[in-house]
């Protein structure tokens, strides 16, 4: 449903969030970038506010501020309707 939504990270590491329309390109992180945040959620967490259109696909990327750090995390989304999160692994990425 079209409306205003808020995405907030929760983790024990310094988090950084990127919000994209359509797709995420790890080779050029500026393509399709709508918003990014580092500290607005407090305690090293991101908080992204954005007006979403119901017919549009969005990608939320959670990463750590410091490279090569991994940790558990949660994302809480609030807005006018439920948000469906699905993991996305870019074709050029590998998991080790």
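Data overview
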read-out: Span per principal axis, largest first, for the Cα atoms of region 3-78 (Å); value: 34, 30, 17
read-out: Length-normalised contact order for region 3-78 - Cα pairs under 8 Å, 6+ apart - percent; value: 48 percent
read-out: Net length gained if the chain between residue 27 and residue 88 were fully extended (0.36 nm per residue, minus Cα distance); value: 20.4 nm
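Where a number appears in this text, it was derived from the coordinates with a stated rule and is not lab data. Values in this document were obtained by computation on a predicted structure and should not be read as measured data.
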